[in-house]
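The values are calculated or read from the model by the stated rules, or taken from the named source; none is laboratory data. Remember, predicted model here, so these are calculated numbers, not experimental data. Heads up, the Cβs are rebuilt from the backbone with ideal geometry, glycines too, and the neighbour counts pull from every protein chain shown. Ligands, DNA and RNA are stripped out before the accessible areas are found, and what is left, the full protein with its side chains, is counted by its heavy atoms. Shrake-Rupley method; radii C 1.70, N 1.55, O 1.52, S 1.80 Å.
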Amino acid sequence: GSREGFGVAFSGFSPEGSLAGDLRQDADQVMTVQVQRALGEHRPENLYLAGNVLDAFDGRGWSRERQGAAGEVFLDTAQTLYAVRRANREYQRDYLREVSLDIRYEDFNTGYVFAPLKTWKLETGEGKALEYACQGEELRWKGRKGYGTEYRVRYFAMNLGQQEFDLFLEQAAGQTWGHEAHRPQDPGQEEGRGTDISSGILQECRRQNGQEFTLDDVEAYREAIYRDYLGGTELSPEVEGLLEEITADAGTQIEKLRAIERELAALSYTRTPGDLPERVTGEREFLDYFLLESRQGYCTYFATAFILLARAEGIPARYVQGYCVPVREGKASVDSGMAHAWPEAYLEGAGWIPFEPTPGYGAGRYAPWELEQAREMEQDRQA
């Protein structure tokens with residue numbers, strides 16, 4: 001019928017983003033995925049296919065309060081691609097590599113178009129235009145789609161887990177501005193540099209998929225990120241002290257996020273954490289319960305804690321639900337048990353970057369490929 005084809009009780013995925021007690025072990029086939037093309041020898045080991053993006057947490061579940069502007073998915077992709085071109089135009093493939101996927105729905109009924117982060121084009125298998133809408137940071141069908149629906153996704157895989165990529169993220173922070181706290185002191189410098197960066201993002205949008213935006217669109221999107229995904233997370237003194245301890249040796253935003261990620265990944269994963277106590281009625285109470293008392297849960301718990309701690313550090317973060325799909329042979333059957341939730345943080349100058357705080361998932365998220373620049377430099381040195 002018209003029911004959305006997900007349920008948190010069996011998968012961890014629901015449009016409402018609830019933390020709803022224990023998970024069931026159902027494994028109904030929902031999709032098949034085939035990697036059609038990847039540059040070089042790199043093929044993704046795990047695909048993270050995003051469905052919905054949520055911004056507001058009430059202590060017991062996530063919801064979507066912001067509507068967003070059309071095309072934000074592609075603005076984000078363009079921002080990351082432009083930052084890479086600025087950082088190292090000659091060796092762009094050390095940071096991003098283009099991948100093409102074919103996706104087919106099986107026993108499924110959904111209003112979401114599932115696609116990886118940094119998607120830049122969606123089309124039919126024959127290369128024809130696809131009927132969908134980009135509503136804010138979500139891709140939606142016009143209606144619902146079910147069995148036999150097929151489409152092709154073109155996206156840029158990021159070299160996550162590669163130290164050089166983290167260095168790029170740190171360097172990118174000085175290439176642009178968006179939030180008031182990060183803007184240069186010289187107003188003239190601020191205006192000129194911001195306009196140059198925004199113009200570059202617009203050029204990438206036109207180059208990749210013909211999307212037309214204005215400078216005002218880019219600036220409005222960037223400002224909305226800090227307005228809608230930062231918030232004022234309140235911490236108890238105990239959790240505030242724990243966060244200070246976790247990030248004590250971190251000097252940059254990416255170092256802080258990695259430290260939070262490592263801390264959470266060291267906790268215990270369980271599919272049966274039980275219900276949240278009734279006293280958990282907000283962000284502060286959730287963090288106190290999860291970090292100081294329970295210290296166990298499944299993906300929704302870890303993603304939530306990461307986002308709240310990142311926001312407390314002044315870094316915008318959002319909650320994403322979709323599927324984590326092993327595709328080590330280039331193809332995979334996707335079942336409901338692969339549904340997953342994860343956090344993404346906005347890093348100034350680079351765009352949205354995914355993280356994986358859930359224990360046991362990090363090896364699949366971080367599968368870096370070899371750096372061409374380093375290999376060529378070594379060859380030159382030996383010659």
- Message: Which residue is farthest from Gly210 (Cα to Cα), if the candidates are limited to the range 104-126 and must be modelled with pLDDT under 90 and of a type in the set (Asp, Glu)?
- Response: Asp107
- Output for the range 51-69, where each listed residue is touching a helix residue (DSSP H, G or I) at 6+ places or on another chain (Cβ under 9 Å) and closer than 29 Å to Met338 by Cα: Asp55, Ala56, Phe57, Asp58, Gly59, Arg60, Gly61, Trp62, Glu65, Arg66, Gly68
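A quick yes/no check of all residues on (1) under 25 Å from Arg258 (Cβ atoms); (2) surrounded by 17 or more Cβ atoms within 10 Å (Cβ to Cβ):
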position: Thr270; (1), (2): yes, no
position: Glu278; (1), (2): no, no
position: Asp288; (1), (2): yes, yes
position: Leu292; (1), (2): yes, no
position: Gln296; (1), (2): yes, no
position: Cys299; (1), (2): yes, yes
position: Ile307; (1), (2): yes, yes
position: Glu313; (1), (2): yes, yes
- Kindly indicate whether any position in the range 218-226 is without any contact (Cβ under 8 Å) to a residue 60 or more places away in the chain, farther than 21 Å from Glu348 by Cβ and part of a helix (DSSP H, G or I). no
- For Ala341, are the conditions met, namely being open to solvent by 20 Å² or more (accessible area, probe 1.4 Å) and aliphatic (A, V, I, L, M)? no
- Message: It is to be established whether one or more residues within the range 158-176 are closer than 25 Å to Gln36 by Cα and in a strand (DSSP E or B).
- Response: yes
- Task: Within the range 86-97, work out how many residues are of a type in the set (Asp, Glu) and crowded, with 20+ Cβ neighbours inside 10 Å.
- Result: 1
- Message: Restricting to the range 136-153, and then to whatever is touching a residue at least 60 places away in the same chain (Cβ under 8 Å) and surrounded by 20 or more Cβ atoms within 10 Å (Cβ to Cβ), can you tell me which residue is nearest to Val35 (Cα to Cα)?
- Response: Arg152
- Within the range 103-127, count every residue that is buried (at least 17 other Cβ atoms within 10 Å of the Cβ) and in a strand (DSSP E or B). 10
- Counting only residues in the range 212-249 that are open to solvent by 20 Å² or more (accessible area, probe 1.4 Å) and among the aliphatic types (A, V, I, L, M), the one nearest to Gly161 (Cα to Cα) is identified as Ile246
- Task: May I ask you to say which residue of Ala56, Ala133, Ala50, Ala70 is on the phi < 0 side of the Ramachandran plot, small (Gly, Ala, Ser) and crowded, with 19+ Cβ neighbours inside 10 Å?
- Result: Ala50
- Message: Can you find a residue that is within 21 Å of Asp58 (Cα to Cα), part of a strand (DSSP E or B) and polar (S, T, N, Q) anywhere in the range 284-305?
- Response: yes
- Message: Can you confirm whether Glu190 is under 28 Å from Gly68 (Cα atoms), modelled with pLDDT of 95 or more and either open to solvent by less than 60 Å² (accessible area, probe 1.4 Å) or of a type in the set (A, V, I, L, M, F, W, C) (or both)?
- Response: no
- Task: Taking Gly200 as the residue in question, decide whether it is at pLDDT 75 or above, touching a helix residue (DSSP H, G or I) at 6+ places or on another chain (Cβ under 6 Å) and among the small types (Gly, Ala, Ser).
- Result: yes
